[in-house]
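What follows is a short report on a single structure.
The values are calculated or read from the model by the stated rules, or taken from the named source; none is laboratory data. Nothing here was measured: the structure is a model prediction, and the numbers come from that model. Positions of Cβ are generated from backbone atoms using ideal geometry, with glycine treated the same way; all protein chains shown enter the neighbour counts.
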Amino acid sequence: MKKHSVITISGLPGTGTTTAAKVVAERLGFLYVNQGYLFRKLAEEKGLELNDFGRYAREHPEIDQELDARQIELARRGNVVLEGRLSGLMVTRAGLSAFRVWIQCADPVRWPRIALREGLTPDEARAKHHQRELDERVRFQEIYGVDLFDTGIYDLVLDSATLDIAGIQAAILGPLVDQ
């Protein structure tokens, strides 16, 4: 397992990317970096709710550019698992070798997961995150010229509605440790 020292794990909220990324990073002894956490910290520093900060970031592309630059710098160092919606895209555009994973899951499964995590009802989670995802999709199209739901750049696409964390871990690590 030396060909890929950079793993990216991407997906929408509630798909299990954080759990998967942490497990894979721990198993490989890699640094784990959560881009969503960094974005949330910036929102908190600005005193804005996450959805409001996403709209603010749309008007201030330097926010995404800074986060992107940090990801690329970490990826160049290697031995890292980058979790973020655009992590796979960023390393691809930088021409870096990486194993890129997208985790998907049907909305009716995601909403209760998010609700449990955030102390919301499933309907509240749907309303909150559906709008955020629409805003992100527009922002990413404007800034990067990409459709967030185009999985063409990924080496592996998994469905967390049909796989538990052990299955996801095996699917990600299998191609890596067999090299």
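Computed quantities for the displayed model
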read-out: Members of the range 57-88 that are among the small types (G, A, S) and modelled with pLDDT under 90; value: A57, A69
read-out: Checklist (1) modelled with pLDDT under 95; (2) surrounded by 21 or more Cβ atoms within 10 Å (Cβ to Cβ) applied to V101, failing item; value: (1)
read-out: Flag for I143 being touching a Ser or Thr at 6+ places or on another chain (Cβ under 7 Å) and within 14 Å of L86 (Cα to Cα); value: no
read-out: Lone unmet requirement of (1) over 18 Å from the mean Cα position of the chain (by Cα); (2) on the phi > 0 side of the Ramachandran plot; (3) in contact (Cβ under 8 Å) with a residue 12 or more places away in the chain for P175; value: (2)
read-out: Lone unmet requirement of (1) in contact (Cβ under 8 Å) with a residue 40 or more places away in the chain; (2) out of contact with any helix residue (DSSP H, G or I) (no Cβ under 6 Å at 6 or more places or on another chain); (3) not in a loop (DSSP other than H, G, I, E, B) for Y37; value: (1)
read-out: Y56 being among the hydroxyl-bearing types (S, T, Y), out of contact with any Phe, Trp or Tyr (no Cβ under 6 Å at 6 or more places or on another chain), surrounded by fewer than 22 Cβ atoms within 10 Å (Cβ to Cβ) and part of a strand (DSSP E or B); value: no
read-out: Selection from the range 99-115 of residues that are touching a Leu at 6+ places or on another chain (Cβ under 8 Å) and in a loop (DSSP other than H, G, I, E, B); value: C105
read-out: Candidate set from the range 1-33 (those that are under 24 Å from P122 (Cα atoms) and not in a helix (DSSP H, G or I)); member that is nearest to the chain's Cα centre (by Cα); value: S10
read-out: Residues that are assigned to a helix (DSSP H, G or I) and out of contact with any helix residue (DSSP H, G or I) (no Cβ under 7 Å at 6 or more places or on another chain), drawn from the range 40-53; value: K41, E44, E45, D52
read-out: Residue check for V81: outside any helix (DSSP H, G or I) and in contact (Cβ under 8 Å) with a residue 12 or more places away in the chain; value: yes
read-out: In the range 145-171, residue surrounded by the fewest Cβ atoms within 10 Å (Cβ to Cβ) [restricted to those that are of a type in the set (A, V, I, L, M, F, W, C) and within 17 Å of A25 (Cβ to Cβ)]; value: A166
read-out: Scope the range 115-144; condition hydrophobic (A, V, I, L, M, F, W, C) and either surrounded by 15 or more Cβ atoms within 10 Å (Cβ to Cβ) or without any contact (Cβ under 8 Å) to a residue 60 or more places away in the chain (or both); matching residues; value: A115, L116, L120, A125, A127, L134, F140, I143
